[in-house]
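J.: Structure incoming, see below.
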Amino acid sequence: MYDVKSFKAEEFISDEEIRDTLAYADENRDNVELIDAIIEKAKERKGLTHREASVLLACELPEKLAEIYALAEQIKKDFYGNRIVLFAPLYLSNYCVNGCVYCPYHLKNKHIARKKLTQEEVAAEVTALQDMGHKRLAIEAGEDPVNNPIEYILECIDTIYGIRHKNGAIRRVNVNIAATTVENYRRLHDAGIGTYILFQETYHKESYEKLHPTGPKHDYAYHTEAMDRAMEGGIDDVGLGVLFGLEMYRYEFAGLLMHAEHLEAVFGVGPHTISVPRVKRADDIDPAQFDNGISDEVFAKICALIRISVPYTGMIISTRESQAVRERVLPLGVSQISGASRTSVGGYASDEPEEITSAQFDVSDQRSLDEIVNWLMKLGYLPSFCTACYREGRTGDRFMALCKNMQILNCCQPNALMTLKEYLEDYAGEETKKIGMELIERELEKIPNPKVRKTAYEHIHDISGGKRDFRF
Ligand code: SAM
């Protein structure tokens, strides 16, 4: 029985409700009157239900799709401006006791190099990341209660926040580790993490169990209910995602939105971010062995529909995607991207020999951070290294309130400019610096509040003089 407010996975992600939704979407895929009404509703910028959004996903009428893309672009501009926040993943350990069939870290893989960073190695990784200019990390680890217990993760977080190298600092650590207990979520919260990220992989219970045949991750309910426990543990910024390619994308899309609706209904705050990873080639993984791969076109459609369905939720595209695909989806609503990522354990401080990799998957976009920043600016985006919101306590519903009042322009815009200025001063190549300085001059003018604009001017000036870490 579908119940958005239930705490039981199979009730807030009801298989029956998803199937009904898909049937309803099929029936109405050419129903122009209904489609127009849904698009009109989306224009109010208050989002769409999983049923409404699923109708749009089923629709293939070219003129309606053009309207959807145009609306996604407009909503992206209105809510996020031209800012794109940058981050990097940091792999702490690839020891794992699970049997996920799409991931090379699965327990039975005996030829992947198993590695777990010591605290000295964490410091070396963080120093290398700081030297590129990164300020935000997403830490990643396999699930292994013996090798990677919560105490290890907490110790790493402490080390990461403690490294001060030249003008560098990691100011926000997001965490992507396996589903855990309320108590452990509380400890992560108390350690000062940003977002807790956990991909559902698939919302289809039967497939989920087949794709996770062994290990603690096999438990569908425990995994699906993890965000509820995270919220209970005090983490109010959570990041959802599915791994596209494992199951039917339309099923996953409906499930993803139902999960967002559940969080909103129960906790009054939807997901902070949604990630849209696709299965990639990896050590002993061939993506072709999964039947549900999606084309770049469908991928773009999903991105656009996420943007108009949950306008207040950030959207993340990783380096799993190529430069070309990223370019295609950036305007459709992406707010965060990773740059210069290594998916190996210890890969930032030293290169691995190709024959014995510890990497989780192949990275498509292999450019340096400077190249990414340069590219973004040439495309008209404003690269941001901002970490202000959670450091100012603007998480969960407080962040959403800011977003809903569109006040984010008086906050995010100057913060983006000040953190970009830091990047240009400390890390950028000559050409990037030149383009960036001109961009900052132009963008400062766009800050609506004159007082904020004046203060931002002063801070930007002070950054040239050597000061750091200003924020609104
Ligand atoms: N181990 C943690 C867990 O159980 O949720 C999460 C960390 S894992 C390093 C991050 C994510 O990488 C997984 O949730 C999965 O979606 C994704 N992933 C695993 N194998 C992949 C592959 N072959 N291609 C692309 N993404 C993959």
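Each value in this text was obtained by applying a stated rule to the coordinates, not by laboratory testing. Since the structure is predicted, the reported quantities are computational estimates derived from the model, not experimental observations. Note that we place each Cβ from the backbone using ideal geometry, even for glycine, and neighbour counts take in every protein chain shown.
J.: Along the charge dipole of the chain, Cβ charges K/R +1 and D/E -1, which of 418, 464, 344 sits furthest on the positive end?
T.: The listed residue farthest towards the positive side: 464.
J.: I would also like to ask the following. Provide, as a two-decimal number, the C-alpha radius of gyration of the stretch 405-464 over 2.2 N^0.38 Å, N being how many residues it has.
T.: Taking N as the residue count of the stretch 405-464, the ratio is 1.10.
J.: Can you tell me the relative contact order of the stretch 405-464? Whole percent, Cα pairs under 8 Å, sequence separation 6 or more.
T.: After rounding, I find 47 percent.
J.: Identify, among 57, 230, 213, the residue whose Cα sits farthest towards the positive end of the charge dipole of the chain, taking +1 on the Cβ of Lys and Arg and -1 on the Cβ of Asp and Glu, with the dipole about the Cα centre.
T.: Value computed over the given set: 230.
J.: Checking a compactness column here: for the stretch 80-366, what do you get for Rg(Cα) / (2.2 N^0.38 Å), N being the number of residues?
T.: Normalised Rg, Cα atoms only: 0.93.
J.: Per DSSP H run of at least 4 residues, take -39500 (n - 2.57); add these up for the chain, divide by its residues and hand me the 222 nm value, nearest 500 deg cm²/dmol.
T.: Calculated from helices alone, the mean residue ellipticity at 222 nm is -14000 deg cm²/dmol.
J.: Write out the trypsin sites (Lys or Arg not before Pro) in the stretch 1-46 meeting two conditions: DSSP loop, and at most 11 other Cβ atoms within 10 Å of their Cβ.
T.: Counting only loop positions with at most 11 other Cβ atoms within 10 Å, the trypsin sites (Lys or Arg not before Pro) in the stretch 1-46 are 5, 46.
J.: Would you calculate the separation in nanometres between label points at residue 367 and residue 118, each defined as 7 Å from the Cα along the Cα-to-beta-carbon direction?
T.: The answer from the label model is 3.7 nm.
J.: Could you give the Stokes-Einstein D for the stretch 9-76 in µm² per second, using the C-alpha Kirkwood radius, 4 °C, 1.567 mPa s?
T.: Roughly 103 µm²/s, to the nearest whole number.
J.: Let me ask another. Ratio of Rg to Rh for the stretch 85-140, alpha carbon only, Kirkwood?
T.: 1.06
J.: I'd like the distance separating the alpha-carbon centroids of the stretch 188-217 and the stretch 70-139, in whole Å.
T.: That distance is 15 Å.
J.: Using the charge dipole of the stretch 80-366 (Lys, Arg: +1 at Cβ; Asp, Glu: -1 at Cβ; taken about the Cα centre), state which of 178, 266, 130 has its Cα farthest towards the positive end.
T.: 130
J.: With just the Cα atoms of the stretch 113-184, tell me how far they stretch along each of the three principal axes, in Å, largest first.
T.: If we take the Cα atoms of the stretch 113-184, the spans are 36, 29, 16 Å.
J.: Can you tell me the FRET efficiency between residue 167 and residue 452 if r is taken as the Cβ-Cβ distance and R0 is 25 Å, rounded to the nearest 0.05?
T.: 0.55
J.: Another one. Computed FRET efficiency, Cβ-Cβ of residue 350 and residue 221, R0 25 Å: what is it to the nearest 0.05?
T.: E(calc), rounded to 0.05, equals 0.05.
J.: Ok, one more. Any idea what the dipole of the chain comes to, in debye rounded to 20, about its Cα centre with Lys/Arg Cβ at +1 and Asp/Glu Cβ at -1?
T.: 1600 debye
J.: What whole-number distance in Å separates the alpha-carbon centres of the stretch 338-384 and the stretch 398-472?
T.: 25 Å
J.: Placing +1 at every Lys and Arg Cβ and -1 at every Asp and Glu Cβ, with all other atoms neutral, what dipole size does the stretch 264-408 have around its Cα centre, in debye to the nearest 20?
T.: Using Cβ point charges on Lys, Arg, Asp and Glu, the stretch 264-408 gives about 900 debye.
J.: For the stretch 31-55 and the stretch 263-329, compute the distance between their C-alpha centroids and round to whole Å.
T.: Rounded to whole Å, the Cα centres lie 20 Å apart.
J.: Would you grab the residues whose amide H sits under 5 Å from the one on residue 138? Only those 5+ places off in sequence or on another chain, please, with H modelled 1.01 Å from N.
T.: Close amide H contacts, sequence-distant or interchain: 88, 90, 174.
J.: For the stretch 240-366, what Kirkwood radius comes out of the mean inverse Cα-Cα distance, in Å?
T.: Roughly 15.7 Å, rounded to one decimal.
J.: Using 0.36 nm per residue, how much length does the chain from residue 281 to residue 434 gain when fully extended, once their Cα-Cα distance is taken away?
T.: Roughly 51.3 nm would be gained on extension.
J.: While we're here: Using Cα positions and a limit of under 24 Å, work out the lysines in reach of residue 454, with same-chain residues fewer than 8 apart set aside.
T.: In chain and number order, the partners are 77, 421, 433, 434, 446, 467.
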